[in-house]
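Contents: one structure, followed by commentary.
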Amino acid sequence: MIKRKKVWQYGFLILASVFSVFPLYWMAVSATNRSAEVIGGRMLPGGYLLENIKNLLAAQNVGRGMFNSLKYSVILTLISLVICSLAGYGFEIYHDRMKDSVMSLLLLAMMVPFAATMIPLYQMFSGFHLLNTTLGFILPTLSTPFLIMMFRQSARSFPHDILEAARLEGLNELQIFFRMFVPTMRSTYAAAMTITFMNAWNSYLWPKVIMQDTSSMTMPMLVANLTEGYVTDYGMLMLAVLLCTIPTIVIFFILQKSFAEGITGAVK
Amino acid sequence: MNGKGKRMTLEKRHSLTGWGFLTPAVVLIVVMNFIPMLRALLLSFQAGVGNRMSFAGLYNYIRMFQDAVFLRSLANNFIYLLIQVPIMLVLALVLASLLNHKDLRLKGVFRTAIFLPCATSLVSYAIIFRSLFAVDGFINTVLVRLHILDTGYNFLGHAFSARIVIILALIWRWTGYNMVFYLSGLQNIEYSVYEAAKIDGATPFQSFWKITVPLLKPTILLTAIMSTNGTLQLFDESVNLTNGGPANATITMSHYIYNMSFKYVPNFGYAAAMSYLILFLVAALAFIQMKVGDKRD
């Protein structure tokens, strides 16, 4: 009886894992094969990788796309973490009735669909000449209620003794934040970093709206452009998809453990 | 008196410092979210092309419900919502509770494998699924080789199968994400509760329904609201998996709003009105879910 139950349990988990990993495996393998081989159903690594790289570089400015995406995402992530953690800390440590009601008002912004703010933002940004700029890319998502809430939640577990002790030592409030709070909240920062970087790297609708020059295009836009046209070179296309996926997968593997811890803190 | 006065200023200083900490974030959210939201509301009562707009009352809101493509996109969003979200959340819940078993081996491997799709960008996975299900794609090659089909079937060229591919892709991408939330929630439940239930003769199915589901209710509510919100705003999948086709059969509201604003002759007023319908739906559904979630207490 027990054995049969275990078979079901493992069977289901194995099935789910295969279903989850297979499309990614197929994508990685196809990047090393000729388009005809991909269509033919080849599922083993081939020797066509260099040829695919050459074709891809000829078709699109991949270096530019990778550089742009990396630049936008890193800058957005760094500034966003500072602004949102300052705010989350401020909302919790100095909380009073006014600040609490401001916070609940901010949470309403989580409900606003991007489609509703997209057009006025576009009009505003083109008025301020922010189209095709890094600032234009980062401004709308620099401060998000989700991140602020996450940091507020983690500030709740920040011991008040440390705060009082640091004040007696003569540290000012900003110094306490940077020297005491930031180092103790590493796992929250790691989780916030993973989420923000992935969202920035993967964002598609907003860049599609404001990045109109080919020189400021992001990697996802460039990959999407490859599918236009009648004949698809699957080997080359999957190589582009692979390149577009590597940075987020790397970040995920590096920060996986702290990510789970940070989410646990936020759900509690 | 003197002491009290000094205390007040200290408190005031304290409060002001707090405002200093949160002002940048609050100003950004007001300027980037609330002001555009109000401007979109004003815009939604105007009609016209490009920058020549004039007040039109409720014209855009009435037009919306006579626009066959918009009604189609509204229905599509609801099809995705009503079919995909329940399947995904149940699947995530089952996987999380299977992974929560104390004596499970290879736990880390399973968890990583199932979460891995979330690290894939939306554009990437849409293109992977599109290639897998293309007429000359991998799925068709396998089906033909197994003699299930004679020739490749155009999955993305038929409305019904195209919608199923989108739903399948969404389940693939988001199940692991929701599972992580459930796994975190499960860590707050003492494992001894399950052991006690087992001694009392509860089947795994019973302890799932009677222990896991009720105790995870806040997390389930959170994921349900997040998924509803996300599904009503679907864009990348509609654009890159099916391009809304065949003949707008799979187009989503956000995709249609984008087309109306940036692809066709720009009609910002009409697009803004449609975006307000999404806003209204997101708010209304979140409200209903919170009410239903509270009721079962």
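Would you pick out the residues in the stretch B:238-250 that are of a type outside the set (Ser, Thr, Tyr) and either in a helix (DSSP H, G or I) or surrounded by 24 or more Cβ atoms within 10 Å (Cβ to Cβ) (or both)? First the steps, then the outcome.
Our first condition is that a residue be of a type outside the set (Ser, Thr, Tyr); within the stretch B:238-250, this holds for B:239-241, B:243-249.
Across the stretch B:238-250, the qualifying residues are B:239, B:240, B:241.
Among the residues of the stretch B:51-58, is any in a loop (DSSP other than H, G, I, E, B), of a type in the set (A, V, I, L, M, F, W, C) and surrounded by fewer than 15 Cβ atoms within 10 Å (Cβ to Cβ)? If you could, list the steps in order and put the result at the bottom.
Our first condition is that a residue be in a loop (DSSP other than H, G, I, E, B); within the stretch B:51-58, this holds for B:51, B:56-58.
Now restrict to residues that are of a type in the set (A, V, I, L, M, F, W, C): B:56, B:58.
Keeping just the survivors that are surrounded by fewer than 15 Cβ atoms within 10 Å (Cβ to Cβ) gives B:58.
The answer is yes; a qualifying residue exists.
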Given (1) within 11 Å of chain A (Cβ to nearest Cβ); (2) part of a helix (DSSP H, G or I); (3) among the hydrophobic types (A, V, I, L, M, F, W, C); (4) more than 17 Å from the chain's Cα centre (by Cα), index of the condition residue B:213 fails: (1)
Pairs with Cβ under 6 Å, 6+ apart, first in the stretch A:228-252 and within 8 Å of chain B (Cβ to nearest Cβ), second outside any helix (DSSP H, G or I) and not β-branched (Val, Ile, Thr): A:238/A:31; A:244/B:121
For the stretch A:44-71, give me each residue that is in a helix (DSSP H, G or I), touching a residue at least 12 places away in the same chain (Cβ under 8 Å) and farther than 22 Å from residue A:227 by Cβ. A:70, A:71
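Kindly provide the set of residues from the stretch A:102-128 that are hydroxyl-bearing (Ser, Thr, Tyr), surrounded by fewer than 19 Cβ atoms within 10 Å (Cβ to Cβ) and either under 22 Å from residue A:158 (Cα atoms) or facing chain B (nearest Cβ under 10 Å) (or both), ordered by number. Before you say what the answer is, go through the steps one by one.
Here is the first cut: in the stretch A:102-128, the residues hydroxyl-bearing (Ser, Thr, Tyr) are A:104, A:117, A:122, A:126.
If we keep only those that are surrounded by fewer than 19 Cβ atoms within 10 Å (Cβ to Cβ) too, we end up with A:104, A:126.
Of everything in the stretch A:102-128, just one residue is hydroxyl-bearing (Ser, Thr, Tyr), surrounded by fewer than 19 Cβ atoms within 10 Å (Cβ to Cβ) and either under 22 Å from residue A:158 (Cα atoms) or facing chain B (nearest Cβ under 10 Å) (or both), namely A:104.
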Any chance residue A:35 is modelled with pLDDT of 90 or more and not aliphatic (A, V, I, L, M): no
Among the residues of the stretch B:146-154, is any crowded, with 21+ Cβ neighbours inside 10 Å and not hydroxyl-bearing (Ser, Thr, Tyr)? no
Among the numbered criteria (1) facing chain A (nearest Cβ under 9 Å); (2) without any contact (Cβ under 8 Å) to a residue 12 or more places away in the chain, which one does residue B:233 miss? (2)
Which pairs turn up if I take residues in the stretch A:159-177 that are within 17 Å of residue A:86 (Cβ to Cβ) and look for partners that are among the hydroxyl-bearing types (Ser, Thr, Tyr) and at pLDDT 85 or above with beta carbon separation below 8 Å, at least 6 apart in sequence or on another chain? A:173/B:17; A:177/A:89
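Among B:196, B:224, which is the only one that is outside any loop (DSSP other than H, G, I, E, B), over 17 Å from residue B:98 (Cβ atoms), in contact (Cβ under 8 Å) with a residue 24 or more places away in the chain and among the small types (Gly, Ala, Ser)? Can you show your working first?
Working: B:196 fails: in contact (Cβ under 8 Å) with a residue 24 or more places away in the chain.
Exactly one residue qualifies, and that residue is B:224.
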Which of the residues belonging to the stretch B:2-36 are surrounded by fewer than 14 Cβ atoms within 10 Å (Cβ to Cβ) and either at pLDDT 95 or above or touching a strand residue (DSSP E or B) at 6+ places or on another chain (Cβ under 9 Å) (or both)? B:27
All but one of (1) within 9 Å of chain B (Cβ to nearest Cβ); (2) within 17 Å of the chain's Cα centre (by Cα) hold for residue A:209; which doesn't? (2)
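The values are calculated or read from the model by the stated rules, or taken from the named source; none is laboratory data. None of the values given here were measured: they were computed from a predicted structure. Because the Cβ atoms are built from the backbone with ideal geometry, glycine has one as well, and the counts that use them run over all protein chains shown.
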